[in-house]
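Read-outs throughout are calculated quantities, based only on the coordinates presented, and are distinct from any laboratory measurement. Everything quoted here is computed from the prediction, not taken from an experiment. In this analysis, Cβ positions are derived from the backbone assuming ideal geometry, glycine residues included, and neighbour counts consider all displayed protein chains.
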Amino acid sequence: MTGHTPPPATTTALHEKVDALLAQMSLSEKVEMMSGHGFFAAMQEDDRVWGARPYRTGGGNERLGLTPLWFTDGPRGVARGSSTCFPCTMARGATFDADLELRIGQAMGIEARAQGCNFSGAVCINLLRHPAWGRAQETYGEDSWHLGVMGAAMGTGIQTHNVIATIKHFALNSMENARFKVNVKADERALHEVYLPHFKHCLDAGIASVMTAYNKVNGEYCGQDRVLLTEILRDEWKFDGFVHSDWVRGVYKVYGASAGLDIENPEPLVFGDNLVKAVEEGMVEPYVVDRACRRILTTQLRFARRQDPLPTYGPELVACEAHRTLALEAARKCAVLLENDGTLPLRRDKVRKLAVLGALAALENTGDNGSSRVRPPYVVTPLAGLRRMLGEEAVLHADESDLDAARAAAAAADAVLVVTGYTAKEEGEYILGDIALGADKKPRGPSLSPTPIGGDRESLSLPSAQVALIKAAAESAKPVVVAIVAGSAVLVEEWREDAQAILMSFYAGMEGGTALSELLFGDVVPSGKLPFTIARDAAHYPHFDRDADEITYDLWHGYTKLEREGIAPRYAFGHGLSYTLFAYSALVARVAGDAVEVSVAVRNIGDVTADEVVQCYIGAPAVEAERPIKQLRGFTRLTLAPQQTGIARFRIPLDSLRWRDPASHGWRLERGAYRIYAGGSSQSCLTTSIEV
Ligand code: BGC
């Protein structure tokens, strides 16, 4: 991996500079740095177009020549102008390709800079606890290790171009509709072993900022929670960057500053004059304000001192060819082939006519329309991609609004593709009508209209009209391929046997339709792996209530839960087929110093060159405390020609095998026999054991 992290903040000169600046600032100037400014007015002026300009989100002092933080969102591209739209984060999670994610982060860093931003909200690493989560598409998956590696790659990429990356939403923000009110209860083990390690991983990699979540954790709103913001982030993890709130309802009380919140966004609704007064009246210690400003300034100056990798960041870099090619690479690598009886790849000489069914086939559907919305210069839909590849007359199209037309198209074709799934209406950021965010002068939050969009999914199944469409296609007795466009797991039991092949294609970005056509016809071999578990039954997932006031997150969800309960998933975490087969052998593991070293040989035994995502899991002895049967601790992508053998190697720090002991509030490395697993999915692994 290339890329770099900023130099340490502890240089004396830097500290002296920050001290000198603080010495020249009044209390109100310092407090001014602790919030965003001008957001509501900007939204109004811009006709409520989100991302029409960079948003001032803290920092800055004109008198002293200090630049504010100019924010833009992500995570599927820069949420400004006409930027490159990459496949959604969950799709990129399915690539298991940290190097690609780093390069995408670099592209986003460049496009942010080219559009006047120095602060990016593109790194969302909340854990997918339940597939109904409306913003599932904005994160990488259900596994903490994978989240940490992918998030760190994205953040490091963004920071390469001296744009500060923030990781969001800290913490336990894994449901949407209730995000402003829900109290998430989690005990020490669930917090430290499942819901927080990926945040630490990103901070250890040098990510310089943290955005707090809207929800409460163990009774307190995250934006004003001393346990999360001071005891964990600062005292235990030694984080020295700055922490800012999420938008509008991110903090409720001025004591949030003392608890460790450095910036309130997007306006000083709680901080501002209230904070000045609280300091003057002795309710908040003056050092709290100095501390926040020191963190903001130190971080900004560290970045400002570094040389830019590019001489200039001109507008021609936004959605430039290199970035669109990167979006295509990601779309090629993210699709997960769930099932295939040999129907795929389709052959051009046999499939002279293809029926492409479903309204989603013709829709520019890149995902959610909330804060992560990207407006690319174009989107290649599945239908457009296939027509471009096969010619207009070779592609017949009908949708679920007319099943007879769909049946006729299928009957007239040699094969059928049914494009199914969701749009921003069924899943995404929960937006009650138009997101006004106070531009209507009601300063406490979005103005509400009666037709909400997005939010947590109502169902884990496909809409019934789409199921009917698949069944209508199957009546033709032609080979039926189903593509699923969604942000996370979709149950397939109702219609699985009606399809000969199933491809999870996600919201695949502006080049999604190009990649889909190449994948279907074998120009590109599928290589994505599921970053979540697809269960056979919704009841196999943890309890989920999208209107909950309170919910408990424990150690168990996804593959760790199903394995613990002995329930077979429909498609396991890490599953994904190829147009070739891979044979695994020679799994070797040993303890070397402070790590476990694992290697495994992988041979491509088919006749096409393809990538394989090799995964390594570890299971602890679990005598001292119950542990998951196995947990992901490494993954890598190999490209192998026919009959070529590659060796996948993993170095897994012993520290990552520890469990959190609530009695001592510390970590314990259990001694004994650990099980090592390596393979092409969480359920198909070679195994061996080692003594630790
Ligand atoms: C979202 C954040 C986003 C922020 C600013 C909030 O509604 O939760 O993820 O970064 O808006 O756009």
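Each peptide among 397-408, 529-540 gets the average number of other Cβ atoms lying within 10 Å of its residues, and from highest to lowest they stand as 529-540, 397-408.
For a Förster distance of 30 Å, can you work out the FRET efficiency between the beta-carbons of ALA405 and ASP537, rounded to the nearest 0.05?
Numbers: r = 34 Å, r/R0 = 1.12.
It comes out at approximately 0.35.
Students often get this wrong: which residues of the stretch 495-533 have the backbone nitrogen under 11 Å from the point 7 angstrom along Cα-to-C-beta of ASP341? Correct set: 497-501. Taking the centroid of alpha carbons for each part, the stretch 182-235 and the stretch 477-534 are 35 Å apart.
Taking amide hydrogens as placed 1.01 Å from N in the peptide plane, the amide H of PHE170 sits under 5 Å from those of MET211, THR212, ALA213, each at least 5 positions away in sequence or on another chain.
Computed over the stretch 568-692, the alpha-carbon pair-distance distribution with 5 angstrom bins reads 2, 11, 20, 21, 17, 13, 8, 5, 2, 1, 0, 0, each value a whole percent.
Note on MET283 and SER459: the extension gain reaches 58.6 nm, defined as 0.36 nm multiplied by sequence separation minus the Cα-Cα distance. Entry note, the chain: the mean residue ellipticity at 222 nm calculated from DSSP H runs of n ≥ 4, each adding -39500 (n - 2.57), is -7000 deg cm²/dmol after division by the residues and rounding to the nearest 500. Could you give log10 I(q)/I(0) at q = 0.07, 0.10, 0.11, 0.13 Å⁻¹ for the stretch 11-315, computed by the Debye formula over C-alpha point scatterers of equal weight, without solvent? Normalising to I(0) and taking log10 leaves -0.24, -0.50, -0.61, -0.88. Remark: the ARG564-LEU27 segment gains 187.8 nm on full extension, using 0.36 nm per residue and subtracting the alpha carbon distance. Working from label points 7 Å from Cα in the Cα-to-Cβ sense, the ILE647 to THR451 distance is 6.1 nm.
The HN-Hα couplings worked out from phi for the stretch 24-33 by the Karplus form 6.51 cos²θ - 1.76 cosθ + 1.60 (θ = phi - 60°) are 8, 9, 7, 4, 5, 5, 5, 5, 4, 5 Hz, whole numbers, x standing for Gly and Pro. Any chance you could list P(r) for the chain, counting all Cα-Cα pairs in 20 angstrom bins from zero, rounded to whole %? All Cα pairs, binned at 20 Å, distribute as 19, 52, 26, 3, 0 percent. Summing Lys and Arg as +1 and Asp and Glu as -1 over all other residues whose Cβ lies under 13 Å from the Cβ of VAL182 gives a net charge of 0. Relative to the dominant Cα principal axis of the chain, helix 464-474 is inclined by about 30°.
For the stretch 324-552, pairs of C-alpha atoms spaced more than 34 angstrom apart make up 18 percent of the total. Each residue, ALA625 and ALA477, gets one label point 7 Å from its Cα in the Cβ direction; the gap between the two is 6.0 nm.
Residue-wise HN-Hα couplings along the stretch 108-119, as the Karplus relation 6.51 cos²θ - 1.76 cosθ + 1.60 with θ = phi - 60° gives them from phi, are 5, x, 4, 5, 5, 4, 5, 10, x, 10, 10, 8 Hz; Gly and Pro carry x.
The angle between the Cα long axis of helix 321-334 and the longest principal axis of the Cα atoms of the chain comes to about 60 degrees, rounded to the nearest 10.
Relative contact order for the chain: 15 percent, from Cα pairs under 8 Å spaced at least 6 residues apart, divided by residue count. For CYS320, no residue has an amide H sitting under 5 Å from its own, ignoring neighbours fewer than 5 places away on the same chain, with H placed 1.01 Å from N. Cross-linked pairs LYS216/LYS561; LYS200/LYS561; LYS181/LYS529: Cα-Cα separations exceed 26 Å for LYS181/LYS529. Most tightly packed first, judged by the mean number of other beta-carbon atoms within 10 Å of their residues, the peptides 501-510, 309-318, 336-345 read 501-510, 336-345, 309-318. Peptides 250-262, 633-645, ordered by how many other C-beta atoms sit within 10 Å of their residues on average, highest first, read 250-262, 633-645. Beta bridges assigned by DSSP with both partners in the stretch 11-315 are antiparallel in approximately 30 percent of cases. On a 0 to 90 degree scale, rounded to 10, what angle separates helix 403-412 from the longest Cα axis of the chain? The angle comes out near 50 degrees. The distance between label points at ARG668 and SER684 comes to 3.8 nm (points 7 Å beyond Cα on the Cα→Cβ vector).
What is the local net charge at GLU393, summed over the other residues whose Cβ is closer than 11 Å to its Cβ (Lys, Arg +1; Asp, Glu -1)? Neighbour charge sum, excluding GLU393 itself: +2.
So what are the stretch 105-207's ellipsoid semi-axes, whole angstrom, largest first, if each one is the square root of 5 times an eigenvalue of the alpha-carbon gyration tensor?
On the way: eigenvalues 127, 46, 24 Å².
Largest first, the stretch 105-207 gives 25, 15, 11 Å.
Relative to one another, the C-alpha centroids of the stretch 291-349 and the stretch 572-600 are positioned 27 Å apart. For ARG352, neighbours were defined as the other residues whose beta-carbon sits under 13 Å from its Cβ, and their charges (Lys and Arg +1, Asp and Glu -1) total +2. Within a straight-line Cα-Cα reach of under 16 Å, LYS353 can be paired with the following lysines, leaving aside sequence neighbours fewer than 8 residues apart in one chain: LYS478.
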